[in-house]
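Worksheet for the structure shown next.
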Amino acid sequence: MMWPASQASKILTFLLLITIVYCIIMDTFLFLRIQKFKIDMFDVSAGNVTQETSTQKYVKTYEDVTWIPCSINPLCHPTVKALMVDHVNHYIYGPLCAIVDIGLGISDNILIITPNIISFFHVFVACVGAKLLTCQNLAVRRLAVVLFQLRMFLDDLDGHVARERKHIKGERSEVGSLGYWVDGICDLLGVIAMMAGILLYLRNNPPRRGYKGTPVSTLPYHQLKEINTCEDIEKDHVAEVGISYKTKVTFQRIVQVLGLFSGQMVLSSIAWNRYIDVYQDMLENCTDYDVVRRETMFKSGVFFLATGLWRVVNPHSYLHLLSLAVFCDKTWGFLKAVHYSGYICLVIAVATSEYLVENIRSYVVS
């Protein structure tokens, strides 16, 4: 281990608490920013609102009042995708990408570094991290977690560089473009690498569950027979006061739990991308719909809460939580805790989004 377990636990708990508080505060600021100031995609450039109306409604722009430059401020250009990106990527990695880009001049000066090259490189980083995840040493697995977080940072960086070179403000998904598919495939390969590393580690170091039974003299015959014929149980000792066993979790069970978690990742990714595409089409891309109604729906608290669900249950959030579990050496406990319950959260997010999509469509179209 890199440091004593008790010290590591205190540091991680403190950092986690700080991160949660920071994200809640930023969510609050984002909601207030959306409510009080104009939004780029609903500005007069949309052609559906007169300059006079816009001037009367918005006295100041957000850029006029914020002291953080919009080049690194994640609140300046709210979009549909920005409302659905997980907290860590949007509020931490996003500004860091902007700072790194400004410092190194990747978008303006280092043209040889394309977004696709960055995507391919973070797949390589993921493969190295996957190899380290298979190691028995906890310190090495923690280093693997750092590499996977670097991979997620690079995943943000490729999108940032692509938007900067196209002069696009705010987070957007260009569905169907080459960069969209390259980024998606590279993300998939990175996740597969992480799942494979965890699977190999758990296969070589199967989790154990402890059991303590009643005295042998009082144990029913059928229960004794069941214990003695179970292949994956190793008996530690048999005492007069009782029996104690340690059970190795079978590889089949490991595959089942990890497979269910991976299924959540796949379904979450498909649904998350689908609703980004649907919301973008109705609220951002389709100028045939009334701009005032689109803006009203985008600013509604219901829409903010619905997109907020996807900030929690999108695939990037799953990866952050899994990384934290690996770092704390609680991988199996985390996988067991969410391999079923995660589907419930996903169903709630999908049902809420489907209901909202129909309401948005009926409102903005009519």
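List pairs: first in region 36-48 and open to solvent by less than 30 Å² (accessible area, probe 1.4 Å) and of a type in the set (V, I, T), second in a loop (DSSP other than H, G, I, E, B) and at pLDDT 85 or above, Cβ under 9 Å, 6+ apart or cross-chain?
Going by the 9 Å Cβ cut-off, the qualifying pairs are I39/H77; I39/P78; I39/T79.
Okay, residues lined up against (1) in contact with a Phe, Trp or Tyr (Cβ under 7 Å, 6 or more places away or on another chain); (2) without any contact (Cβ under 8 Å) to a residue 24 or more places away in the chain; (3) under 28 Å from F29 (Cα atoms); (4) crowded, with 22+ Cβ neighbours inside 10 Å:
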{"site": "P69", "(1), (2), (3), (4)": "no, yes, yes, no"}
{"site": "I99", "(1), (2), (3), (4)": "no, no, yes, no"}
{"site": "S107", "(1), (2), (3), (4)": "no, no, no, no"}
{"site": "I110", "(1), (2), (3), (4)": "no, yes, no, no"}
{"site": "F121", "(1), (2), (3), (4)": "no, no, no, no"}
{"site": "A144", "(1), (2), (3), (4)": "no, no, no, yes"}
{"site": "L150", "(1), (2), (3), (4)": "no, no, yes, no"}
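Of the residues L309, L267, which single one is aliphatic (A, V, I, L, M), open to solvent by 40 Å² or more (accessible area, probe 1.4 Å), closer than 28 Å to D40 by Cα and at pLDDT 90 or above?
Going through L309, L267 in turn, the sole match is L309.
When you go through (1) in contact (Cβ under 8 Å) with a residue 60 or more places away in the chain; (2) under 22 Å from Y318 (Cβ atoms); (3) open to solvent by 10 Å² or more (accessible area, probe 1.4 Å) one by one for C135, which number turns out not to apply?
Single failed check for C135: (2).
Can you confirm whether N89 is out of contact with any strand residue (DSSP E or B) (no Cβ under 7 Å at 6 or more places or on another chain) and surrounded by fewer than 19 Cβ atoms within 10 Å (Cβ to Cβ)?
The answer is no for N89.
Can you pull out the residues in region 318-336 that are surrounded by 15 or more Cβ atoms within 10 Å (Cβ to Cβ) and without any contact (Cβ under 8 Å) to a residue 12 or more places away in the chain?
Once the filter is applied, which keeps residues that are surrounded by 15 or more Cβ atoms within 10 Å (Cβ to Cβ) and without any contact (Cβ under 8 Å) to a residue 12 or more places away in the chain, region 318-336 yields only A325.
Might you check whether a residue that is touching a helix residue (DSSP H, G or I) at 6+ places or on another chain (Cβ under 8 Å), closer than 28 Å to T79 by Cβ and in a loop (DSSP other than H, G, I, E, B) occurs anywhere in region 144-160?
Checked against the condition, which is being touching a helix residue (DSSP H, G or I) at 6+ places or on another chain (Cβ under 8 Å), closer than 28 Å to T79 by Cβ and in a loop (DSSP other than H, G, I, E, B), region 144-160 yields no hits at all.
Tell me which of these V140 doesn't satisfy, since it passes every other one: (1) over 20 Å from A325 (Cβ atoms); (2) open to solvent by 40 Å² or more (accessible area, probe 1.4 Å); (3) of a type in the set (A, V, I, L, M); (4) out of contact with any Ser or Thr (no Cβ under 7 Å at 6 or more places or on another chain).
The failed condition is (1).
Which numbered condition in (1) out of contact with any Ser or Thr (no Cβ under 8 Å at 6 or more places or on another chain); (2) surrounded by 19 or more Cβ atoms within 10 Å (Cβ to Cβ); (3) in contact (Cβ under 8 Å) with a residue 60 or more places away in the chain is the only one that K169 fails?
Unmet condition: (2).
For region 183-227, give me the residue count where each residue is within 24 Å of S323 (Cα to Cα) and either part of a loop (DSSP other than H, G, I, E, B) or at pLDDT 90 or above (or both).
Residues meeting the conditions: 23.
So which residues in region 318-361 are β-branched (V, I, T) and either more than 17 Å from V257 (Cα to Cα) or in contact with a Lys or Arg (Cβ under 7 Å, 6 or more places away or on another chain) (or both), if there are any at all?
V326, V347, I348, V350, T352, V357, I360
Do we have any residue at all in region 276-299 that's more than 15 Å from D86 (Cα to Cα), exposed (fewer than 15 other Cβ atoms within 10 Å of the Cβ) and either charged (D, E, K, R) or under 18 Å from the mean Cα position of the chain (by Cα) (or both)?
Yes: region 276-299 contains one or more residues that are more than 15 Å from D86 (Cα to Cα), exposed (fewer than 15 other Cβ atoms within 10 Å of the Cβ) and either charged (D, E, K, R) or under 18 Å from the mean Cα position of the chain (by Cα) (or both).
With the requirement that a residue be at pLDDT below 90, under 17 Å from R172 (Cβ atoms) and in contact with a helix residue (DSSP H, G or I) (Cβ under 9 Å, 6 or more places away or on another chain), what does region 34-69 give you?
Correct list: I39, M41, F42, D43, A46.
The values are calculated or read from the model by the stated rules, or taken from the named source; none is laboratory data. Values in this document were obtained by computation on a predicted structure and should not be read as measured data. Here the Cβ is made from the backbone with ideal geometry for all residues, glycine too, and neighbour counts use every protein chain on show. All accessible areas refer to the heavy atoms of the entire protein, side chains included, with ligands and DNA or RNA removed. Shrake-Rupley method; radii C 1.70, N 1.55, O 1.52, S 1.80 Å.
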